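Engineer: Below is the structure I would like to discuss, written out as structure tokens.
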Amino acid sequence: MKINSVEKYRPALHFSPKSNWMNDPNGLVYFKGEYHLFYQHNPNDSVWGPMHWGHAVSKDLITWNELDIALFPDELGTIFSGSAVIDWNNTSGLFPEGDPGIVAIFTHHLDRGQELPPVQTQSLAFSTDQGRTWKKYDGNPVLKHQTKIDFRDPKVFWHEQTNKWIMSLATGQSISFYSSPNLIDWNFESEFGEDIGSHVGVWECPDLFELTIENSNDKKWVLFVSVGDNGKTEHGSRTQYFIGSFDGSSFKPDNTETKWLDFGKDNYAGVSFSDIPMEDGRRIYLSWMTNWRYANQVPTDGWRGQMSLPRELTLRKVNEDLLVVQKPVRELTSYFQIREEISDLPIKSEHRFELNESYADVELTIDNTDAKSYGLKIYHTEDQYSIISIDTVTSTLTLDRSNSGEIDFSDMFSLPQSLTLNGTEKINLRIIMDSSSLEVLVNDGELSLTSLVYPDKTCESISLFTTNGQVNVIQGKIKVPSV
Ligand code: FRU
């Protein structure tokens, strides 16, 4: 990946494939000093097609080096989403003793023509050379189902407490859990999801992991479930999550409320890294930064698809409720330098900051004195802008990208994206801008709104504005590229 790239819409900080199509992140795993990012990839076209696993590695989660394709279709089908783990104790017997390697667990998707439904099964591949070359397991598939058609996206982890592998699998509009001693033989444990959560679309790309509650030693299990686009909602595809407990067999949610991971349109199929060392202890996820509604139409040339920034996850108690909190990883810091620091800056109607950079990170803590609404106008160019506005009457934050540049490839793209705030007197806003995206984080990662934009330039200037009243920027930092 090139930082400060000149190709139109090509992100500087976000991973995008050199050419052709990319969707979900797959097989996120850390091993021997490298983060591996595999991804759904069509190497022959810049629209979705026969899926392969593309591959990139990074030492710091930000600069990625694209490698050769890892997994190619075979007689069992094309290669749909899945995960990767390090088989430290060689439970699979696939590695020489004392030399553990990576096992990929993925869905084989077999099309059988017009008359018959496709068949989805789970299979294994393994690598003894840090993911550079792969062998498919001879006994594939390792898991099939007699009747389920949507049976995919295995996410596997080692469950310490019960000493076995657990697979979360998307099975129609539910998540099924399977267990295994060796990654090869799988037993059904339980099924979750009927009568709970959003069922507007097919359930996809689950991920189950434990998170610590901030400022405590308490932990909870969190289940991510992406919900596909049914073509009818205003939102398209998006990701929900559940918080609860997991005993090695079944997941029990603490409550029945539907919680969304992100309030923008462009955060889908997010899953977390496996095998990040205990000393590090972070749970980091990244997602495919687009929406199935228009993913095949976004106006990039010769390549399509980009990932969100990797984000560290925690849980936070907010008004007696628990929320998943997400913050872009700290590795991002070295890609920025501070251009301007702000403190106690009253805004009566408008204040402009010049920017003119290929990417930027703006963080503002704003105290509202008496404004009815306030916010930021991001001038990508003089006549292309995105508006982030906070309405203090309705307690909502809205991102309006209807004038942000190219928008006419989808009817849904110009619709406003909003979230409800827990209060508007004081708000902390962080906006990371890249060539074709805005990642908005509210109150130190408590709420997130991820959105693509297609302007001619990233950002010329930012204007802080208020209507009917005044706000005070208590603190602010405007960060620009360090290189
Ligand atoms: C999610 C998804 C997965 C599937 C993959 C196919 O975006 O539909 O369920 O495995 O994409 O590319």
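Engineer: Mind listing the phi-derived Karplus ³J(HN,Hα) values for the stretch 190-206, rounded to whole Hz, using 6.51, -1.76 and 1.60 with θ = phi - 60°, and x for any glycine or proline?
Structural biologist: 6, 10, 10, x, 5, 6, 9, x, 8, 10, 6, x, 5, 7, 9, 6, x
Engineer: Do you know the relative contact order of the stretch 284-324, to the nearest whole percent, from alpha carbon pairs under 8 angstrom that are 6+ apart?
Structural biologist: 42
Engineer: Using unit Cβ charges (K, R positive; D, E negative) and no other charged atoms, how large, in debye to the nearest 20, is the dipole of the chain about its Cα centre?
Structural biologist: 200
Engineer: Still on this structure, I have one more. Counting only Cα, what are the radius of gyration and maximum Cα-Cα distance Dmax of the stretch 208-290, in Å?
Structural biologist: Computed over the Cα atoms of the stretch 208-290, radius of gyration and Dmax are 14.3, 45 Å.
Engineer: Considering just Cα atoms, how many Å³ per residue does the convex hull of the stretch 70-183 enclose?
Structural biologist: Cα-based convex hull of the stretch 70-183, divided per residue, equals 101 Å³.
Engineer: Also: Say R0 is 22 Å: what FRET efficiency, to the nearest 0.05, do S461 and V393 get from their beta-carbon distance?
Structural biologist: My answer for the efficiency is 0.20.
Engineer: Residues with amide H under 5 Å of R304's amide H, sequence separation 5 or more or different chain, H placed in the peptide plane at 1.01 Å from N; which?
Structural biologist: N20, W21, M22
Engineer: Another question, then. How big is the dipole moment of the stretch 189-237 about its Cα centre under a simple scheme where the beta carbon of each Lys and Arg is +1, that of each Asp and Glu is -1, and everything else is neutral? Debye, nearest 20, please.
Structural biologist: Computed about the Cα centre, the dipole is about 140 debye.
Engineer: In addition: What number does the stretch 336-481 give for Rg over Rh if you use C-alpha atoms and the Kirkwood radius?
Structural biologist: Across the stretch 336-481, the Cα-based Rg/Rh ratio is 0.94.
Engineer: Now for a separate question. What whole-number value in Å² describes the accessible area per residue of the stretch 20-275 for a 1.4 Å probe?
Structural biologist: I get 39 Å² per residue for this part.
Engineer: Beyond a 18 Å Cα-Cα separation, which of these cross-linked pairs lie in this structure: K377/K477; K426/K477; K220/K252; K155/K317?
Structural biologist: The pairs that break the limit, which is 18 Å between Cα atoms, are K155/K317.
Engineer: For the stretch 317-458, what % of the accessible area comes from carbon and sulfur atoms, probe 1.4 Å?
Structural biologist: Carbon with sulfur: 42 percent of the solvent-accessible area.
Engineer: T256 accessible area, nearest 10 Å², 1.4 Å probe?
Structural biologist: 110
Engineer: Something else: Placing unit charges on C-beta atoms (Lys and Arg positive, Asp and Glu negative, everything else neutral), compute the dipole magnitude of the stretch 336-481 about its Cα centre in debye, rounded to 20.
Structural biologist: Rounded to the nearest 20 debye, it is 240 debye.
Engineer: A further question follows. So for the stretch 362-483, averaging the separation of alpha carbon pairs under 8 Å that are six or more residues apart and normalising by length, what relative contact order in percent results?
Structural biologist: 38
Engineer: Go through the stretch 157-162 residue by residue and turn each phi into a ³J(HN,Hα) via Karplus (6.51, -1.76, 1.60, θ = phi - 60°); whole Hz please, and just put x for glycine and proline.
Structural biologist: Ordered by residue, 3J(HN,Hα) equals 8, 8, 8, 3, 4, 10 Hz.
Engineer: Right, something else. If eta is 0.692 mPa s and T is 37 °C, what Stokes-Einstein diffusion coefficient results for the stretch 246-300, Kirkwood Rh from Cα pairs, in µm²/s?
Structural biologist: The calculation lands on 226 µm²/s.
Engineer: Next up: Where Rh is the Kirkwood radius over the Cα pairs of the chain, the temperature 20 °C and the viscosity 1.002 mPa s, what D in µm²/s does Stokes-Einstein return?
Structural biologist: Once the numbers are plugged in, D ends up at 93 µm²/s.
Engineer: Then there is this: Apply the a/c threshold of 1.5 to the C-alpha gyration tensor of the stretch 3-71 and tell me whether it is rounded, prolate or oblate.
Structural biologist: Note, shape of the stretch 3-71 comes out oblate.
Engineer: On full extension of the chain, what length is gained from D254 through D185, given 0.36 nm per residue of separation minus the C-alpha to C-alpha distance?
Structural biologist: Taking 0.36 nm per residue and subtracting the Cα distance, the gain is 21.8 nm.
Engineer: A follow-up question, please. Which of the aspartates and glutamates could be linked to K32 by a straight reach, that is with a Cα gap under 17 Å, when you skip same-chain ones fewer than 8 residues away?
Structural biologist: Counting by Cα, and skipping residues close in sequence, K32 has these aspartates and glutamates nearby: D60, D87, D99, D129, D275, E279, D280.
Engineer: Another one. On full extension of the chain, what length is gained from T420 through E341, given 0.36 nm per residue of separation minus the C-alpha to C-alpha distance?
Structural biologist: Value of the extension gain: 25.6 nm.
Engineer: In sequence order, what are the phi-derived ³J(HN,Hα) couplings for the stretch 259-269 according to the Karplus relation 6.51 cos²θ - 1.76 cosθ + 1.60 with θ = phi - 60°, rounded to whole Hz, with x for glycine and proline?
Structural biologist: Taking θ as phi minus 60°, the curve returns 10, 9, 6, 8, 9, x, 8, 10, 8, 9, 6 Hz for the stretch 259-269.
The values are calculated or read from the model by the stated rules, or taken from the named source; none is laboratory data. Remember, it's a predicted structure, so these values are computed and weren't measured experimentally. A quick note on method: Cβ atoms are made from the backbone with ideal geometry, for glycine too, and the neighbour counts reach across all protein chains shown. In case anyone asks, the SASA skips ligands and DNA or RNA and just uses the protein heavy atoms, side chains included. Shrake-Rupley method; radii C 1.70, N 1.55, O 1.52, S 1.80 Å.
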